[in-house]
Amino acid sequence: MEANAQEAAVQAVKQFGQSNLVEDGYSPYHCLTIIGQIEGHMILPPRNKTTKYEHVIPQLVAVEQNPKIKGLLIVLNTVGGDIEAGLAIAEMIKSMKTPTVSLVLGGGHSIGAPIAVAADYSYIAETATITIHPIRLTGLVIGVPQTYEYLDKMQERVIQFIVQNSRIEVETLREMMFRTGELVRDVGTVLVGEEAVRVGLIDGVGGVSEAIDRLHQLVAAREGQGGRK
Amino acid sequence: MLYTIIPIEDVLEGLDESPPPTVDVAVHGVLLQVEPLTHFSGRVQRLISSDPQAYLNPQYQPGTILHWT
């Protein structure tokens with residue numbers, strides 16, 4: 001059995017470049033890594049590294065209902081991806097009672113931003129970046145005014161989620177999203193570490209130790225209020 | 001609908017290549033979609049279960065190599 005567990009750990013490193021934070025339930029926290037493209041309704045070509053939402057969502061359910069798991073650390077290094085899948089993960093994280101802390105390492109771009117802010121407390125590494133930019137349509141586009149309205153509606157979902165789950169003002173977010181001159185070939189804004197905190201998108205600058213400390217605090221506060229049911 | 005900083009042509013490159021065939025295997029009551037590697041092993045592609053705890057089991061994670069006899 002131990003040999004199996006060891007083999008599984010080795011495979012996890014080989015296949016995903018990640019190790020299991022939890023060994024046999026000894027760690028009270030689980031770690032969810034959101035990497036590469038967030039894959040939605042379409043299976044992306046194998047060149048992409050993807051986070052598959054149909055796996056992440058039941059994992060979140062399991063974390064929420066397992067009494068041994070006291071908290072969840074969400075580590076993001078994502079370039080964005082499917083809006084529906086990203087918002088689904090973000091909504092799941094937001095609605096969890098289990099304390100959640102997110103940490104943006106490297107990048108938490110596009111649809112990664114709502115996932116980062118969905119946690120109870122969010123951190124960004126000093127050198128990590130978050131790109132805020134408009135949503136756009138690709139492929140065959142029917143040139144009718146309704147297409148624009150649809151696009152606007154999709155964008156509004158993302159904006160509203162971010163505004164409701166962080167300290168950022170809606171005007172600031174919109175201004176950053178449509179800013180010109182920051183990105184070479186695009187409109188939008190790149191926020192590096194401290195800047196993301198200054199505009200109110202992320203709660204604090206930090207690394208893994210700050211994130212784990214914050215989880216300890218959130219868990220202690222929750223258990224102080226009568227613990228988990 | 002994708003919302004990403006990667007250009008769409010890069011994301012979709014190779015989209016017309018069909019994914020490897022899979023077979024469905026039930027392991028301890030959990031249905032796994034497995035890409036066969038040899039006659040006796042395969043790589044887990046997808047996990048289909050209504051038991052959320054199964055999704056935390058490292059042996060069912062996509063990418064895991066399964067061996068059977």
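Identify the chymotrypsin sites (Phe, Trp or Tyr not before Pro) of segment B:1-67 meeting these criteria: DSSP loop state and at most 11 other C-beta atoms within 10 Å of the C-beta. For chymotrypsin sites (Phe, Trp or Tyr not before Pro) across segment B:1-67 that sit outside H, G, I, E and B with at most 11 neighbouring Cβ atoms in 10 Å, the list reads B:Phe40. Taken residue by residue and averaged, Cβ atoms of other chains lying within 10 Å of the Cβ of A:37-47 number 4. For the residues of A:82-88, the average number of beta carbons from a partner chain within 10 Å of their own beta carbon is 2.
Summarising the strand pairing of the protein assembly as shown, around 45 percent of its internal DSSP beta bridges are antiparallel.
For the listed peptides A:198-205, A:100-107, B:5-12, A:134-141, a ranking on the average number of other beta carbons within 10 Å per residue, highest first, reads A:100-107, A:198-205, B:5-12, A:134-141. Using a cutoff of 8 angstrom between alpha carbon atoms and counting only pairs six or more residues apart, the relative contact order for chain A works out to 16 percent.
Helices in chain A that qualify as membrane-span-like (whole DSSP H runs, Cα extent of at least 20 Å along the helix axis, mean Kyte-Doolittle hydropathy of -1.0 or higher) are A:2-16, A:145-165, A:208-224. Taking 0.36 nm per residue of separation and subtracting the current Cα-Cα distance, fully stretching the chain between A:Leu183 and A:Val144 would add 11.2 nm. Over segment A:125-214, Cα pairs under 8 Å with separation of 6+ residues give a relative contact order of 39 percent.
Note on the protein assembly as shown: with charges restricted to the Cβ of Lys and Arg (+1) and Asp and Glu (-1), its dipole about the Cα centre is near 520 debye. Over the Cα atoms of segment B:18-67, the radius of gyration divided by the Kirkwood radius equals 0.95; this is the Rg/Rh ratio.
Using a simple charge model, +1 on the beta-carbon of Lys and Arg, -1 on the beta-carbon of Asp and Glu, nothing else, what dipole does chain B show about its Cα centre, in debye to the nearest 20?
Computed about the Cα centre, the dipole is about 400 debye.
The packing ranking of peptides B:25-37, A:61-73, highest mean first, is A:61-73, B:25-37, where packing means the average number of other beta carbon atoms within 10 angstrom of each residue. A convex hull fitted around the alpha carbon atoms of the protein assembly as shown yields 151 Å³ per residue.
Between A:Met177, A:Met96, A:Met42, the GNM of chain A built on Cα springs shorter than 10 angstrom shows A:Met42 fluctuating the most. Excluding same-chain neighbours fewer than eight residues apart, the aspartates and glutamates reachable from A:Lys52 by a Cα-Cα span under 16 Å are A:Glu39, A:Asp82, A:Glu84, A:Glu91.
Could you work out the mean count of beta carbons from other protein chains within 10 Å of each residue's beta carbon in B:61-69?
Going residue by residue through B:61-69 and averaging, the value is 3.
In chain B, helices alone account for a calculated mean residue ellipticity at 222 nm of -1000 deg cm²/dmol, with every DSSP H run of four or more residues adding -39,500 (n - 2.57). Based on C-alpha pairs under 8 angstrom that are at least 6 apart in sequence, segment B:18-67 has a relative contact order of 29 percent.
All of the numbers you see were taken from the coordinates with simple rules; none came from a lab. What you see is a predicted model, and the numbers here were worked out from it, not measured in a lab. No Cβ is skipped: glycine too gets one built from the backbone with ideal geometry, and neighbour counts run over all protein chains shown.
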